[in-house]
Amino acid sequence: MYKQLHITALLVILATGAKAQFISITRVKDQPDSLRTGINDTLLLRRRSFFPLPVLAYSQEKGLEIGAAMLYSFYTDNKNPDPDTRNSTLNLIPAITTQKQFKIDLRANIWTHDNLWHLKGIFRYQNYPLYFFGIGDTTHYDTRSLVDNIRYRVQLEGERRVNGHFYAGISLLYQHDTYGSGDNKGIYTTMPLIDKDGGYVTFLGIAGVYDNRDNQNYTRHGSLLRLHVAYAPAFLSRHPLVKIEASGTHFFAISRKSTLGLNGLFNSLQGNELPFYLLPEMGNDNLMRGYYTGRYRNQNYLAGQAEYRYLIDPKMRVRAWFIDLKPKFALAAFAGTGTVFANRDFRFGGFKPSYGGGIRYFYDENAKLTIRVDYAIGEKRGGEPRQKGLYLSLAEAF
């Protein structure tokens, strides 16, 4: 079974107030009383914070995994602060396993003064095995293959506000993969696949965005709509390809403490020859929780989910040694559905369930940054254990 066990150091969670620098500015635009959360209602306390989250995990394909998730939060306009400028983050995740495997993931999410520019970057290197189950929405657990994968990935995106809440942007993605059979068993060894041993691709894209969310971290109200289209030219890639990504998110502030979020996603890969490792994959810690990433993959991926969040403020203060906190939490319940399908092969019967619940801890309540723990349940196929997952992450699912 592909289970994962995460163990977090409690003292690290409680020590989140350390290494922080505050700058106080008055908020210009107050929210209506019905939308306030009890977190920074009348004053915005801007702070730079660094949070390390040690993680210990175990899975069959990797053995024991030791790593950390480190998040640095800051603001780009401290010299001329605007109360509406969103916080920027740098996220570093290194990990090593007892099987001598290694990965490093560095992500940057930058907002400039008054959110005029939104810049994102990803650098990822991994030498990690994974399970390959095949292609389609009816793959079987018993025929899975252990596959070795070395991946280099560089992704850069830049979006600029052009009018009101509308942004336009461009993107660049380069990815190089090497694959090989890890155990010479299962479907990978016999299935004909395009670029079975790996390949490379360079996507050049454009994006249009509408974003009027009140906050990008723990959103209470507003929408985020994004359409991204990218082309991989033949002279920069193994095959010419077109990638389409459309997503939408909307939040309703039901009461001072209750929030309902809706999230939908459509991914599509088009071309005459489609490398198997570039096909859209179902399942991760954000959408279709409970499914092993890549258990189901195909040319198109469609999914949606709803999540209800309820804020808990115990109005208490915790003081012990170097700890001085006023902890705040949120409970969450979510449900969703999704499917993968080939062109002209969409079936309503292919949709699979995803549901569960979790808890969030506000380790930086000023920027509304959270630690998220979710437990999700998915499909029960005949002769197989029910698919499920336990997730420990920094920041919200959407």
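The values are calculated or read from the model by the stated rules, or taken from the named source; none is laboratory data. In this text the structure is predicted, and so the values were computed from the model without any measurement. Cβ sites come from the backbone with ideal geometry, for glycine too, and all protein chains shown count toward neighbours. Note: accessible area is taken over every heavy atom of the protein model, side chains too, but ligands, DNA and RNA are not part of it. Shrake-Rupley method; radii C 1.70, N 1.55, O 1.52, S 1.80 Å.
For this structure, a couple of remarks:
- Selection of trypsin sites (Lys or Arg not before Pro), the range 278-333, meeting DSSP coil and at most 15 other Cβ within 10 Å: Lys315, Arg317
- For the cross-link pairs Lys328/Lys388; Lys352/Lys388; Lys62/Lys185, the ones whose C-alpha atoms lie over 19 Å apart are Lys328/Lys388.
- Convex hull projection area averaged over all views, the chain, Cα basis, nm²: 20.1 nm²
- Among Ser88, Ser223, Ser59: highest mean-square fluctuation, GNM of the chain, C-alpha pairs under 10 Å: Ser59
- Value of relative contact order over the range 169-310, rounded to a whole percent, pairs C-alpha under 8 Å and six or more apart: 18 percent
- Radius of gyration and maximum dimension Dmax of the range 260-398, Cα, Å: 18.3, 63
- Tensor-based shape of the range 96-165 (alpha-carbon gyration tensor, a/c under 1.5 rounded, otherwise prolate or oblate): oblate
- Sorting Val209, Val55 by solvent-accessible area of protein heavy atoms yields Val55, Val209, largest first, with a 1.4 Å probe.
- Along principal axes, Cα extents of the range 42-162, largest first, whole Å: 57, 33, 28
- Using just its DSSP H runs of length 4 or more, each adding -39500 (n - 2.57), the chain gives a mean residue ellipticity at 222 nm of 0 deg cm²/dmol after division by all residues.
- Test item: Cα-centred dipole of the range 208-274, Lys/Arg +1 and Asp/Glu -1 on Cβ, debye: 280 debye
- Surface exposure of the range 244-391, expressed per residue as accessible area with a 1.4 Å probe, stands at 43 Å².
- Between the range 242-292 and the range 303-318, the alpha-carbon center distance in angstrom: 22 Å
- At q = 0.15, 0.20 Å⁻¹, base-10 log of I(q)/I(0) for the range 195-307 (Debye sum, equal scatterers on each alpha carbon): -0.76, -1.10
- Taking only the Cα atoms of the range 328-368, the ratio Rg/Rh comes out at 1.29, with Rh defined as the Kirkwood radius.
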